[in-house]
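The values are calculated or read from the model by the stated rules, or taken from the named source; none is laboratory data. Computed from a predicted structure; not experimentally measured. For neighbour counting, all protein chains shown are included, and Cβ atoms are generated from backbone atoms with ideal geometry for every residue, glycine included.
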Amino acid sequence: MTAPVPAIREQCVIVVGSGLAGLAAASQLVANNVPVRMLETLAKPGGNSIKASSGINGAPTRFQPGPDNRFYDDTIQSAGAAISQEDPDRLLRESLISVLTKSSADAVYWLADEKKVDLSKVAQLGGHSRPRTHRGAGANPPGRSIIGALLSSLESNSRFHLHTNCKVTNIIREADEIKGVGYRCEDGKTDTLLGPVVVTTGGFAGDANGMLAKYRPDLAGFPSTNEPREGSQPLLTAVGARLLDMDRVQVHPTGFVDTSSPSSPVKFLAAEALRGEGGILLLPNGSRFVNETGTREYITNVIRNVASPTDTTSRQWDLDIVLDEGSAAAVGSSIDFYTWKDLLRKETVKDLGPEAISSLQTYSDAASGKTKDPFGRQHFGHWTLKDVTPDSVVYVGKVTPVVHFTMGGVAINERSEVLDKETNQPIRGLWAAGEVTGGIHGDNRLGGSSLLECVVFGRIAGEGAAEFYKENYESEG
Ligand SMILES: Cc1cc2nc3c(=O)[nH]c(=O)nc-3n(C[C@H](O)[C@H](O)[C@H](O)COP(=O)(O)OP(=O)(O)OC[C@H]3O[C@@H](n4cnc5c(N)ncnc54)[C@H](O)[C@@H]3O)c2cc1C
Ligand SMILES: *[C@@H]1O[C@H](CO)[C@@H](O)[C@H](O)[C@H]1NC(C)=O
Ligand SMILES: *[C@@H]1O[C@H](CO)[C@@H](O)[C@H](O)[C@H]1NC(C)=O
């Protein structure tokens, strides 16, 4: 797979980045018998996509427990004020969301039926009015099984060539058309490839001191669930691409602090389900302080206002996430993973200090319906602990807010064509899909919709680039 890129100028479609959006585009290209060269900076393919743990949205599908015609409306609602009457991009945003949601069942069926990925389990995540986030029944997280299936199908196709350890350094624009890319490989070799270009280079949530600091100075240096890497939108703005929503960044209130490397910039996500199934958050002194089922943004803001940061730069906080045995059982097998990684520890309440006993008792009373929750929480998941004693068993981990997803990126139309900053028209020969693009999610991405956008717009980009290649390249011989 790491074979050097041949120097001969054979023509192909170039896909930049090997995450889900890139693999979806490449799959569509080879399905059209078009040769593909995929360039990937890192040694291993898969990007942040391979880490996806909750699943992919689709509606209505045969895997869902009931009917569902609310996906478009839920997505518009989550996009929030970004889609206002006055917004000059309102129609563009609505058409992107319409394509995303209307193609979602097809996207799930493409993976499940054509690529044989198990997506038979469906969960309801925050912000969704129906269960519609699909994953497999086994222990393999959905990102890993989807990436694995697409890669192995591509690798068996002679028209697909993956070149890892090769970073695209520039896109070549001549007059009004994109003609190819320049790249540099780890062995120092630099060269160009000629052909139409599909850019699927992902977001900039892991570029803590670069693009994140530029567009969201308040989040500069924040830890992230993403791998630390440079943002890639400058590749596209250098050839005239327009940007949209760059300051819209999703912060997740709970990333695990690994006590063996507390200052690591990469954190494991402490999934929303840990709180949804009953888990609570405590300050170091054992006090509860927030409605743990509020929105991600709300919880993060309360943390930043109420809790004390652990460092002078206010990039990390010291909080405990606490689950009782009922909540932990409801979360299921990922609890074993977290305890195996030592991110969650099985302890007793007395290890949390005297104040925690009373915090937990107050919460248990609310959960069992005896009293109202002091923080207005209405759902307590599967919290079953009733009488809290110093010896009650709990699962405890350290958590802090983490940057998780960047909603902004280059503007595309519903054909995944990149729009020019000056004309707002498509740039000929250039497509983009996945987290590198902006505008689809507005203020807030729904969980499960980023894998979906990778599949939907990645395939659209692949289809468009295949047509363009056949019309403009293949005939040249
Ligand atoms: C821990 C975690 C859990 C998640 N869980 C979910 C979930 O359950 N459901 C969901 O929908 N979303 C989830 N997300 C979000 C989702 O995984 C990502 O938004 C999505 O996978 C992005 O895919 P992509 O193909 O756009 O980019 P990526 O998968 O990040 O791939 C981009 C690739 O491009 C490469 N690249 C970048 N620049 C260059 C260059 N110049 N030259 C060559 N290569 C380059 C990168 O190295 C990378 O491999 C999760 C994210 C994380 C971090
Ligand atoms: C715990 O700390 C918070 C924030 O510093 C404070 O508001 C609260 O009063 C403290 N609780 C106790 C019991 O000391
Ligand atoms: C707590 O969160 C739930 C779920 O988001 C919400 O319905 C409820 O209104 C919230 N309560 C308060 C007081 O914020």
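Quick notes on this one:
Table: residues versus (1) at pLDDT below 95; (2) in the same structural domain as LYS167 (by the TED database); (3) small (Gly, Ala, Ser).
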| residue | (1), (2), (3) |
| --- | --- |
| PRO4 | yes, no, no |
| ALA7 | yes, no, yes |
| LEU20 | no, yes, no |
| LEU23 | no, yes, no |
| LEU29 | no, yes, no |
| PRO35 | no, yes, no |
| LEU39 | no, yes, no |
| GLY46 | no, yes, yes |
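- Residue that is surrounded by the fewest Cβ atoms within 10 Å (Cβ to Cβ) [pool: residues in the stretch 411-423 that are touching a strand residue (DSSP E or B) at 6+ places or on another chain (Cβ under 8 Å) and under 23 Å from ASN472 (Cα atoms)]: ARG415
- Residue within the stretch 332-344 that is exposed (fewer than 14 other Cβ atoms within 10 Å of the Cβ), within 30 Å of GLU453 (Cα to Cα) and outside the structural domain of GLY126 (by the TED database) present: yes
- Pairs are defined by a Cβ separation below 9 Å, a sequence spacing of at least 6 or placement on different chains, a first member in the stretch 379-391 that is under 17 Å from GLY294 (Cα atoms) and not assigned by the TED database to the domain that holds ALA367, and a second member that is at pLDDT below 95 and part of a loop (DSSP other than H, G, I, E, B); no pair meets this definition.
- When each of LEU162, LEU125 is tested for being at pLDDT 95 or above and either at negative phi or not assigned by the TED database to the domain that holds ASN226 (or both), the lone residue that passes is LEU162.
- Scanning the stretch 98-112 for residues that are buried (at least 16 other Cβ atoms within 10 Å of the Cβ) and under 11 Å from VAL456 (Cβ atoms) turns up VAL99, LEU100, THR101, SER103, SER104, ALA105, ALA107, VAL108, TRP110.
- There is at least one residue in the stretch 249-260 that is touching a residue at least 60 places away in the same chain (Cβ under 8 Å) and more than 25 Å from ASP342 (Cα to Cα).
- Within the stretch 286-319, if we keep just the residues that are crowded, with 21+ Cβ neighbours inside 10 Å and within 15 Å of ligand 2 (Cβ to nearest atom), the residue that is nearest to HIS252 (Cα to Cα) turns out to be ILE303.
- Qualifying residues in the stretch 110-141 (those that are of a type in the set (S, T, N, Q) and within 16 Å of ligand 3 (Cβ to nearest atom)) - the one farthest from ARG62 (Cα to Cα): SER129
- Residues located in the stretch 7-57, provided they are within 15 Å of ligand 1 (Cβ to nearest atom) and charged (D, E, K, R): ARG37, GLU40, LYS44, LYS51
- Here is the figure for the stretch 89-120: residues that are basic (Lys, Arg) and in a loop (DSSP other than H, G, I, E, B) total 2.
- Positions within the stretch 121-156 being aliphatic (A, V, I, L, M) and either outside any loop (DSSP other than H, G, I, E, B) or out of contact with any strand residue (DSSP E or B) (no Cβ under 9 Å at 6 or more places or on another chain) (or both), in sequence order: VAL122, ALA123, ALA139, ILE146, ILE147, ALA149, LEU150, LEU151, LEU154
- Members of the stretch 336-378 found to be within 16 Å of ligand 3 (Cβ to nearest atom), at negative phi and touching a residue at least 12 places away in the same chain (Cβ under 8 Å), listed by number: THR362, TYR363, ALA366, ALA367, ASP373, PRO374, PHE375, ARG377, GLN378
- Counted residues, the stretch 113-144 - those being surrounded by fewer than 21 Cβ atoms within 10 Å (Cβ to Cβ) and either farther than 21 Å from ASN48 by Cα or under 20 Å from the mean Cα position of the chain (by Cα) (or both): 20
- The listed residues are LEU236, LEU274, and the only one of them that is assigned by the TED database to the domain that holds ALA123, within 16 Å of ligand 1 (Cβ to nearest atom), in contact (Cβ under 8 Å) with a residue 40 or more places away in the chain and part of a helix (DSSP H, G or I) turns out to be LEU236.
- Whichever residue in the stretch 237-285 is surrounded by fewer than 18 Cβ atoms within 10 Å (Cβ to Cβ) and within 16 Å of ligand 2 (Cβ to nearest atom) and, among such residues, is farthest from the chain's Cα centre (by Cα): ASN285
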